[in-house]
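The values are calculated or read from the model by the stated rules, or taken from the named source; none is laboratory data. On a predicted model such as this, the values are computed, not experimentally measured, just so you know. Cβ coordinates were reconstructed from backbone atoms using ideal geometry, including for glycine residues, and neighbour counts include every protein chain displayed.
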Amino acid sequence: MQYSQPNFLTALEDGSFTFAYGISPWLFAVLVILITFGVWLTYRKTTRQLSPAWKTFFIGIRSGVLVLILFCLLRPVVTTLQVSPQETYLGVLIDDSQSMAIADLAGGQTRQEAIEELLYENGLLDNLSESFQIRSFRFDNQTQRIVGVEDLSEAGTASSIDQALSYVGDQLNGLPLGGVVLVSDGADNSDGDPLATAQEFGAKQIPVFAIGVGQEEIPQDIGIVDVSAAKTVLEGSVFNVQVAVNHQGYEGQEVELSIMDGETRVASDVVILGPAGVTRRYELEITPKRPELIVYDLNVELQSDEIIDRNNSYSFLVDNTEKEALNILYLEGHPRNEYKFIRRAVEGDSSLRLATYLQTGPEKYYRQGIESATELSGGFPEDREALFEYEALILGDIEFGFFNAEQLQMIEDFVAERGGGFLMSGMVDEEFIGTPIADILPVTLVEEGFLPSHLRGGIRRGDHPTGELFYPRLTRNGEFSPLLRLSADDAENQALWRQLPELQGTYVTGRIKPGAEVLIEHPLLQYQNQALPLLASQRYGSGRSMSLTTASTWRWQMMLPAADESHETLWRQLLRWLAVSAPERITIEFDREFYNVGDEVNVRATVLNNQYEADNDATLWMQTSNPLEEFIDAPMEWDIEEDGVYRASFIADEEGVYSLLVDVASAAGEANDSSAEKRAAFVVTPSLREYTNAELDSGLLARIAQLSGGSYFNVADADALANAIEFTPNAYSRELQIDLWDRPWLLALLVLLLCVDWISRRMKGLS
């Protein structure tokens, strides 16, 4: 640290010259001229004749003596500023995030241990405190004042250098801030811009002295970067878990990925790691076995020589609790085999309720799966509200004349506005051409008269081509679609599809609509150079639409062994897919799939009325239960920019499972229920961010130091920091006045001039 007491020369150079008695230097100059003129008058005539040179000499000597005496009498002073040690502040920012626990230094020393050794044990802070008032802070994604090393915890889930610098600048604003010492690995994982803040510090002449800690390259590590999995699943369903893995130093090595449910391994796979530094995604499939909230542990096999072990595991939550059954309306035109076996397929599935209306003859019908005597008593639901109580609609082999124009429009609104699912199964009456039904379907409808002769006849059996037996063919999309998964194993799934019995008969449709997807196609028949689609799907408005142009899937159930559940599995997955797209009256969404300790949780609730229109007049109250079973109640505020949307937020400060209960009291009148509630849950886990790209970023730290006018040091040579910090213009200083009249050299000069004057006058015989 460079500091010295101001002396006369530096004070004269940097300060200002004045006379203590208020005489201006200009007046003093006038007096000097008058004194010189007066002395000249006295020497104009002398008793002895002197040469001009001697006259000039004596005038100069005598004038100098008098001017010097006048100079001392007026009391000249030099005013300057003196820096005051111990009154200038120095901010010290210490990274306290989880990456500080990484033991990548010599001898297995952690980064935090190296910081403690440098600052506290080796006395760097003590050295700095001799000249500065020290203010120490810890930071991760937040910044706090600390007293000593005992306040460091290595628990922060993220690092924000930008926020930390801004916080110190605000906290010490107005104080003489001489600089900031930043101790970190530079692994900034926030959205801020620390370089911009460093530039602002430089403009204020507040230098940042950065100390980097850690290795610039971690040689041995395997880490989970990201996990993606369904948050909510239906009981018994298969879902995929995707894990992104990065590594250093293990290229080509086999490692095991596993998913644990407590002590039970539910999925595992051995994968080969790719090139170092390249993130790769791997996939595992699991089927929840317990109807409850399940916290799964995803693990990447830990290697003995890994530097970091905390990024080899991650927990995620799956909601496998028992859900209210999805309500599906099935309208069938006659008692065909397909109807009987579809109903049989879903009988044992409590997550699906199939309410069916079956025409058995003219003015005759049969209802199954109904919940009340009035449900479907008039056939098709009487109004939108009644229809919208269902999540999906299936139309079997039913004639166009069953519906009126208003009902057809209601079906389209059910899909497009309600977000319901729609399936046309089997034969489609060509009279639906030009109606909303034709709009909803993922395939175009063609009048039989426009078809080639070999494709006419619909589902007829016998010698007609469309009635011949055939093995359905999965498309590329179908092979990887979760809708058609008969087994979690790819090879087994393909084998099961090859073993399925032949189907018989297909209804001929036109081309696939833009945006639609074919999952199953006919292996032999084509229309306009396109294989006939057997199963196709598309999005339509807010809902989903599907067409199944064969009515013979019942053959799979009839001809397969009793233990084979391929038919049941397929139909359950299709119906769930159709129904789950339909929104509930109250839905809860989170802004992120997973949360880490310290994250802000933003909750979004959408409320719909009985017409499934946005409700802006509801009152919402949210109750949150944290892992410590502490309850927090808070209102949810209406989002003025989004109809029917209400929001709330809070900080997740505990690791574990959080549960939410949102209570809704509607004020929209009798059309709405007086109250309703919705539950949701999420899990808070340790963060992976601090272990992703956790190497020392010396480039960032050096750039911060440069832009602010400071210097960068590695932790190994940071002892030199104390001597490198200079007092800046922001340092505390006080005014210092130095008197000139009592300077020894000034007295000596006066005596010298008097002696020279006296001796010279004697030599020339002057009195």
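Listed here are the residues, each with its yes/no results for (1) among the charged types (D, E, K, R); (2) closer than 26 Å to residue 196 by Cα.
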position	(1), (2)
128	no, no
134	no, yes
139	no, yes
145	yes, yes
158	no, yes
161	no, yes
167	no, yes
171	no, yes
176	no, yes
- Note on the structure: Of the candidates 222, 259, the one satisfying the condition of being farther than 30 Å from residue 91 by Cβ, touching a His at 6+ places or on another chain (Cβ under 6 Å) and modelled with pLDDT of 85 or more is 222
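For segment 690-721, which positions are assigned to a helix (DSSP H, G or I), within 22 Å of the chain's Cα centre (by Cα) and surrounded by 22 or more Cβ atoms within 10 Å (Cβ to Cβ)?
Correct list: 690, 691.
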- Message: Any residue at all in segment 202-217 that's of a type in the set (Gly, Ala, Ser), farther than 30 Å from residue 708 by Cα and at pLDDT below 95?
- Response: no
- Residue count for segment 117-154, restricted to those that are buried (at least 17 other Cβ atoms within 10 Å of the Cβ), in a helix (DSSP H, G or I) and touching a residue at least 40 places away in the same chain (Cβ under 8 Å): 4
- So which residues in segment 272-284 are touching a residue at least 24 places away in the same chain (Cβ under 8 Å) and surrounded by fewer than 18 Cβ atoms within 10 Å (Cβ to Cβ), if there are any at all? 275, 276, 277, 278, 279, 280, 281, 282, 283
- Task: Among the numbered conditions (1) part of a loop (DSSP other than H, G, I, E, B); (2) in contact with a Ser or Thr (Cβ under 6 Å, 6 or more places away or on another chain); (3) among the hydrophobic types (A, V, I, L, M, F, W, C), tell me where residue 408 comes up short.
- Result: (1)
- Task: Please find, among 494, 530, the residue that is free of Cβ contacts under 8 Å to residues at least 24 places away in the same chain, touching a helix residue (DSSP H, G or I) at 6+ places or on another chain (Cβ under 9 Å) and not small (Gly, Ala, Ser).
- Result: 494
- Item | Number of positions in segment 361-381 that are surrounded by 14 or more Cβ atoms within 10 Å (Cβ to Cβ) and either among the acidic types (Asp, Glu) or part of a loop (DSSP other than H, G, I, E, B) (or both) | 7
- Out of the residues in segment 345-354 that are surrounded by fewer than 19 Cβ atoms within 10 Å (Cβ to Cβ) and in contact with an Asp or Glu (Cβ under 8 Å, 6 or more places away or on another chain), state the one that is farthest from residue 329 (Cα to Cα). 348
- Task: Looking only at segment 433-445, decide whether some residue is at pLDDT 80 or above, assigned to a strand (DSSP E or B) and not acidic (Asp, Glu).
- Result: yes
- Item | Filter pass, residue 620 being touching a residue at least 24 places away in the same chain (Cβ under 8 Å), buried (at least 20 other Cβ atoms within 10 Å of the Cβ), touching a strand residue (DSSP E or B) at 6+ places or on another chain (Cβ under 7 Å) and not in a loop (DSSP other than H, G, I, E, B) | yes
- Residues of segment 166-191 satisfying the condition of being among the hydrophobic types (A, V, I, L, M, F, W, C) and more than 21 Å from the chain's Cα centre (by Cα): 168, 172, 175, 177, 180, 181, 182, 183
- Filter result (at pLDDT 70 or above and either outside the structural domain of residue 128 (by TED's automatic domain parsing) or small (Gly, Ala, Ser) (or both)) within segment 717-745: 718, 720, 722, 724, 743, 744, 745
- Query: In the set 525, 503, 532, 484, which member is closer than 21 Å to residue 328 by Cβ, surrounded by 15 or more Cβ atoms within 10 Å (Cβ to Cβ) and not basic (Lys, Arg)?
  - Reply: 484
- Mind checking whether some residue in segment 82-100 is at pLDDT below 75 and buried (at least 19 other Cβ atoms within 10 Å of the Cβ)? yes
- Query: Out of segment 475-496, which residues are out of contact with any strand residue (DSSP E or B) (no Cβ under 6 Å at 6 or more places or on another chain) and either more than 29 Å from residue 541 (Cβ to Cβ) or at pLDDT 95 or above (or both)?
  - Reply: 486, 487, 489, 490, 491, 492, 493, 494, 495, 496
- Query: Consider residue 510 against the criteria (1) modelled with pLDDT of 90 or more; (2) touching a strand residue (DSSP E or B) at 6+ places or on another chain (Cβ under 8 Å): it satisfies all of them except one. Which criterion is unmet?
  - Reply: (1)
- Hits in segment 36-81 (condition: in contact with a Ser or Thr (Cβ under 6 Å, 6 or more places away or on another chain) and either in a loop (DSSP other than H, G, I, E, B) or modelled with pLDDT under 70 (or both)): 79, 81
- Query: Which of the residues belonging to segment 386-417 are at pLDDT below 90 and either farther than 23 Å from residue 337 by Cβ or not hydrophobic (A, V, I, L, M, F, W, C) (or both)?
  - Reply: 397, 399, 401
- Given the conditions (1) charged (D, E, K, R); (2) in the same structural domain as residue 271 (by TED's automatic domain parsing); (3) in contact with a Phe, Trp or Tyr (Cβ under 8 Å, 6 or more places away or on another chain), every one holds for residue 135 apart from (2)
- Task: Please enumerate the residues belonging to segment 170-180 that are out of contact with any helix residue (DSSP H, G or I) (no Cβ under 7 Å at 6 or more places or on another chain), modelled with pLDDT of 85 or more and not acidic (Asp, Glu).
- Result: 171, 172, 173, 177, 179
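Output the strands (runs of 3 or more DSSP E) that fall wholly within segment 220-314 and possess 1 or more residues being hydroxyl-bearing (Ser, Thr, Tyr), within 21 Å of residue 490 (Cβ to Cβ) and not assigned by TED's automatic domain parsing to the domain that holds residue 684, or say none.
In segment 220-314, 221-229, 254-261, 264-272, 280-286 are the strands (runs of 3 or more DSSP E) which contain 1 or more residues that are hydroxyl-bearing (Ser, Thr, Tyr), within 21 Å of residue 490 (Cβ to Cβ) and not assigned by TED's automatic domain parsing to the domain that holds residue 684.
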- Task: Kindly establish whether residue 186 is on the phi > 0 side of the Ramachandran plot, in the same structural domain as residue 133 (by TED's automatic domain parsing) and modelled with pLDDT of 90 or more.
- Result: yes
- Task: With the checklist (1) farther than 19 Å from residue 101 by Cβ; (2) loosely packed, with under 15 Cβ neighbours inside 10 Å in hand, flag the one item residue 226 doesn't pass.
- Result: (2)
- Query: On the given criteria, is residue 287 more than 30 Å from residue 323 (Cβ to Cβ), of a type in the set (S, T, N, Q), in contact (Cβ under 8 Å) with a residue 24 or more places away in the chain and surrounded by fewer than 18 Cβ atoms within 10 Å (Cβ to Cβ)?
  - Reply: no
